[in-house]
1. Got a sec? Charge dipole of region 2-201, +1 on Cβ for Lys and Arg, -1 for Asp and Glu; which of L181, N19, A60 is way out at the positive end?
2. Starting with the fewest neighbours, write out D134, D149, D170 ranked by other beta-carbon atoms found within 10 Å of each beta-carbon.
3. Where does the chain land at 222 nm, in deg cm²/dmol rounded to the nearest 500, when only DSSP H runs of n ≥ 4 count, each adding -39500 (n - 2.57), divided by all residues?
4. Can you work out the FRET efficiency for the pair R98 and R64, with r the C-beta to C-beta distance and R0 = 30 Å, to the nearest 0.05?
5. With +1 on the Cβ of every Lys and Arg and -1 on the Cβ of every Asp and Glu, and nothing else charged, how large is the dipole of the chain about its Cα centre, in debye rounded to the nearest 20?
6. Can you order the peptides 155-162, 26-33 by their average number of other Cβ atoms within 10 Å per residue, highest first?
7. Over 10 Å intervals from 0, what percent of Cα-Cα pairs in region 12-72 sits in each interval?
8. Residues with amide H under 5 Å of G82's amide H, sequence separation 5 or more or different chain, H placed in the peptide plane at 1.01 Å from N; which?
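Read-outs: derived from the displayed coordinates by stated rules, not from any lab. From a predicted model like this one, the values you see are computed outputs, not experimental measurements. Here the Cβ is made from the backbone with ideal geometry for all residues, glycine too, and neighbour counts use every protein chain on show.
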Amino acid sequence: MRVGRRFDQRGWVMGTSGNFSVVLDRHPLRLAVTPSGTFKGELRADQILEMDERATPIAAGEARVSAEALLHVEVVRAREAGAVLHTHSIWTTILSERHAAAGALFIAGYEMLKGLEGVRTHEHHEAIPIVGNDQDMTRLAGVVRDLLDQHPSAHGFLLRGHGLYTWGTDLQQAVRHVEILEFLMEVVGRSSQLSAVSSQLGSCSE
């Protein structure tokens, strides 16, 4: 619940966007997951659902899990993650479109990169893969599975025009990764804006 409020205050899960999950058990796989259509800044403990490896709620009821819950399952399996977090910020949405043709967003040279697990230097080059969005979640889950296999060192990925997925061995690490990646993408986005303005001003002064 604190995570939802924290991210909502930052503008990363506006409206009913975003979804979070935490692994409860691995054999069989059970995840606690936020329900579909809820404001993450106002989540209550009694709203959290439990689902299985097919993204099916364990208990019957009116609430339902997000259609994207299958992507959480793929991340947990591929990365042995203990928590998966999905945000819908302005900058992740913009940059996922702007860099889609390159297949990834590349970030290097920033001290904040050292906040990512296993990164020890600001000279690290982080590649954040970008995958096309798809309303067919079974098909998209397969694409994400292949993406994670192809990018074993990635700390997250972007859905084009949609937002960020990242994870951690536990919820605390996953939250840290969200904050680091969201910070870095805002820096990249704002830096691009400033460069464009500088270029325009330079052209006008010639």
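1. So the residue we want is L181.
2. So the residues, fewest neighbours to most, are D149, D170, D134.
3. -12500 deg cm²/dmol
4. Step by step, r from the Cβ atoms, then E = 0.35.
5. 240 debye
6. 155-162, 26-33
7. Per 10 Å bin, starting at zero, the Cα-Cα P(r) for region 12-72 comes out as 24, 57, 18, 1 percent.
8. Amide H neighbours of G82, under 5 Å, 5+ apart: G168, T169, D170.
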